[in-house]
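Okay, structure first, notes after.
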Amino acid sequence: MSIFDKFWKWYNRHLLLNTAIAAGLFVLQLVHLYWLTTHVVFHRVFEISLWNPSPFLEWLLLIVDYTEIPALITTSLVYINELRKKNNLKSILYLIFLNSQFLHIFWITDEFVVEQFSGRSGTILPFWLAWVAILIDYLELPVIFETLAKAIKEVKRKFL
C-alpha cells in the first residue's frame, strides 16, 4: 500500500473531522468577502462604505486572511477525494474555483484591488484586473456553501 493509499484511507476514516475542518476554515472567508463587498466594492460603485473596520477589526481580518491558504488546501482535499471516488464535473469546477484563489493571493492581491479602486495604484496593471480579482474571490461562495453542507451531512450521517 502506497503512502497516498494510506493517506486516503485515513482521510476517509476521519471524513467528518476532515470535512468539518475544511468547512470551518472556509466559512471564515465569509468575513473577508463581507469586508470586500461592504467596504471595497460599495465604496467603488456607490462611493460609500457600509463597513469601515476599526484597527482591531482590521487586525482580525488579517488573521482571517492568513487562514485562506489552509482553507484552500483542506477544501481542495475534500473535492480531490470526491474525484477519486467518482469523476464529476462539479468537483472539477470547484477545484478550479478554489485553486484560482492562489492567482488572486499571490498576484492580484487585495492590496492591488484597494489601490486600484482608490486611484493610488503605482502599477502598470490594468484597472479591470481588480474586478477579475473580486470575481475570483466570489467564486469561493458556492464552494463554501457546498462544503458546509457536506460537513452537516457528515454530522447527520455519523450522529443521527
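The values are calculated or read from the model by the stated rules, or taken from the named source; none is laboratory data. These numbers come from a predicted model, not from an experiment. Positions of Cβ are backbone-derived with ideal geometry, glycine not excepted, and every protein chain shown enters the neighbour counts. In case anyone asks, the SASA skips ligands and DNA or RNA and just uses the protein heavy atoms, side chains included. Shrake-Rupley method; radii C 1.70, N 1.55, O 1.52, S 1.80 Å.
Table for the structure above
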{"read-out": "DSSP-assigned coil residues among trypsin sites (Lys or Arg not before Pro) in the stretch 1-87, each with at most 15 further Cβ atoms within 10 Å", "value": "86"}
{"read-out": "Probe 1.4 Å, accessible area per residue of the stretch 31-124, Å²", "value": "60"}
{"read-out": "Loop-located chymotrypsin sites (Phe, Trp or Tyr not before Pro) in the stretch 80-109 whose Cβ has at most 14 other Cβ within 10 Å (DSSP)", "value": "107"}
{"read-out": "Nearby lysines by direct alpha-carbon distance to residue 6 (threshold 25 angstrom, same-chain neighbours under 8 apart not counted)", "value": "85, 86, 150, 153, 158"}
{"read-out": "Estimated distance in nm for a label pair at residue 89 and residue 58, the labels positioned 7 Å out from Cα along Cα-to-Cβ", "value": "4.5"}
{"read-out": "Size of electric dipole in the stretch 1-150: Cβ of Lys, Arg +1 and of Asp, Glu -1, about Cα centre, debye, nearest 20", "value": "840"}
{"read-out": "Surrounding net charge for residue 121, when Lys and Arg each add one and Asp and Glu each subtract one, Cβ distance under 12 Å", "value": "-1"}
{"read-out": "For the stretch 1-88, convex hull volume per residue from C-alpha positions, Å³", "value": "116"}
{"read-out": "Order by protection proxy (mean Cβ within 10 Å, highest first), peptides 145-151, 32-38", "value": "145-151, 32-38"}
{"read-out": "Whole-percent carbon and sulfur share, accessible surface of the stretch 1-72, 1.4 Å", "value": "70"}
